[in-house]
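Undergrad: Sharing a structure with you now.
All of the numbers you see were taken from the coordinates with simple rules; none came from a lab. Predicted model, so just to flag it, every value in this text is computed and none were measured. Using ideal geometry, Cβ is built from the backbone for each residue, glycine included, and neighbour counts are taken over all protein chains shown.
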Amino acid sequence: MSSLGSLDVKLEVVVIPVSDVERAKRFYESLGWRLDQTPPGIVQFTPHGSACSVQFGSQLTSAPAGSATAYLVVSDVEAARAALVSVGVEVSGVFHVSPNGPVDGPDPERRSYFSRATFRDPDGNTWLLQEITTRLPGRVEGGLTSFASDSDLASALRRAADAHGEHEKRTGTRDENWPDWYATYMVSEQSGAQPPE
């Protein structure tokens, strides 16, 4: 008998409560999310780069419309906010969490998990954008690291290039083995492992 800790389970869909299915459909289409094929009465969208989708429909949940709150992970919260604003979405200013509550502006050190912004769909369901570039240890299994989109991969390559530049400054020599260093750095970001020196 297998342990539940080793049972392979993936989050596939989150149901959100809406009062007007067509209005919600137009809103999520405006975000550029992919409209998936589903059975009648169910509308499903998948955000770009996400393995998890959202569903809504008139008979899917008895929860009050607008009562959902969910997180969307982005690699650059300021760029994500600007993209949403450019298509007419009202988005809060970027803020970061502190021991004394929210503070305006991104985290001064740009630490993962700290910088955020929020927006709501027409029903009031809240989406919280959270900037994550380096995962906490154990958050992602090391053998399962991947990049869900070309923009995520490009952002990771930029961060690796910056870190590698600092590495070469510290060592005082040009690193001919930079592809391996980049790969190790990029996997360590996703898995929370110690990055290369």
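Undergrad: So how strong a dipole does the chain carry about its Cα centre when Lys and Arg Cβ are +1 and Asp and Glu Cβ are -1, to the nearest 20 debye?
TA: Magnitude of the dipole: close to 300 debye.
Undergrad: Can you give the Rg/Rh ratio of the chain, where Rg is from the C-alpha atoms and Rh is the Kirkwood radius?
TA: Using Cα coordinates only, the ratio equals 1.02.
Undergrad: With each label point set 7 Å from Cα along the Cα-Cβ vector, what nm distance links Ala83 and Arg174?
TA: Here the modelled spin labels are 3.5 nm apart.
Undergrad: Another one. Report the antiparallel proportion of the DSSP beta bridges in the chain as a percent, rounded to a multiple of 5.
TA: 65
Undergrad: Two decimals is fine: what is log10 I(q)/I(0) at q = 0.14 Å⁻¹ for region 27-75, from a Debye sum with one equal scatterer on every Cα and no solvent?
TA: For region 27-75, the Cα-only Debye profile gives -0.39.
Undergrad: I've got another one for you. Using amide H atoms built in the peptide plane, which far-off residues or other-chain residues are under 5 Å from Val15 H to H?
TA: Those qualifying (amide H under 5 Å, at least 5 residues apart or on another chain) are Gln55.
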